[in-house]
Amino acid sequence: MKVQLEHKEPGDNATADELAKVLITRFGLAPRKSDASAQFHRLLLELSERKKSANRDKRPEVAVMPVEVMGSFAGIRRQTMYDYLHRWLDLQILKKTSFVASGKVIIGYELNGQNIEGAFRKAETCIKNHLDASFKLVEQLQSEVKKEKLRAGTPDESETPESTVSTGSLP
């Protein structure tokens, strides 16, 4: 999992498009090449609308989008969409879903939550779990460094050697 969180703030009186762009950028879902043309904010808004409609009409298949359709909303080709899709899946914002419609099995993706907030709460949990695991490694590293210093007989940097402690008055 490679997450690149970025700092970006929306302007005053931001529209839904601008807020979606900021959100996509802050979670590292924006294209990383400077000349990329993908517009994932449009895809995010469409996924949200489809999820709302599916929940309202009690038709879960409405929320599912095949990759080709996802690419067309983002303004990119299907193969390019596959290249970007792993980031959305790694953060658990989207989930893969399949259903039967008109006698055919349709495979696609949908928001992994009841709405945009629910999907990004999944991303929050994913990032927090990754940070927790990382801090366990930090603790393990700190412990190993201390053990190696003790084995080598070198004082820990937090310990002050007695030879540097001055008890006399200054000349």
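Summing -39500 (n - 2.57) over the DSSP H runs of n ≥ 4 in the chain and dividing by its residue number, what mean residue ellipticity at 222 nm do you reach, to the nearest 500 deg cm²/dmol?
Value at 222 nm, helices only, nearest 500: -17000 deg cm²/dmol.
Mean Kyte-Doolittle of at least 1.0 and a Cα length of 24 Å or more along the axis: which whole DSSP H helices of the chain meet both? Can you show the working numbers first?
Numbers: long enough: 40-57 (25 Å, -1.13); 116-152 (54 Å, -0.59).
The answer is none, since no helix passes both cut-offs.
Among the lysines, select those whose C-alpha is under 27 Å from the C-alpha of residue 149, and discard any that sit fewer than 8 residues away in the same chain.
Cα-Cα hits under 27 Å: 136.
Putting +1 on Lys and Arg Cβ atoms and -1 on Asp and Glu Cβ atoms, find which of 126, 75, 97 reaches farthest to the positive end of the dipole of the chain.
Result: 97.
Using a 10 Å cut-off on Cβ atoms, rank the peptides 3-13, 115-125, 48-58, 65-75 from the highest mean neighbour count down.
My ranking of the peptides, most packed first, is 65-75, 115-125, 48-58, 3-13.
Just checking my list [x] 39; [y] 34; [z] 14 against percent of Cα pairs over 30 Å apart computed from this structure; which label fits?
[x]
Counting pairs on different chains as well as pairs 8 or more places apart, how many Lys pairs in segment 6-91 have Cα atoms under 25 Å apart? Intermediate results must be reported in sequence, preceding the final value.
Numbers: 8/21; 8/33; 21/33; 21/51; 21/52.
Final tally of qualifying lysine pairs is 5.
Tell me the relative contact order for the chain as a rounded percent, counting alpha carbon contacts under 8 Å between residues six or more apart.
The value is 15 percent.
For labels at residue 95 and residue 117 in the simple 7 Å Cα→Cβ model, what's the distance in nm?
Calculated label separation equals 1.9 nm.
What dipole magnitude, in Debye to the nearest 20, does segment 16-128 give about its Cα centre under +1 on Lys/Arg Cβ and -1 on Asp/Glu Cβ?
220
Taken together, the values in this text are just the output of simple stated rules run on the coordinates, not laboratory data. These figures come from a predicted structure and were not determined experimentally. Please note: Cβ atoms are built from the backbone with ideal geometry, for glycine as well, and neighbour counts cover all protein chains shown.
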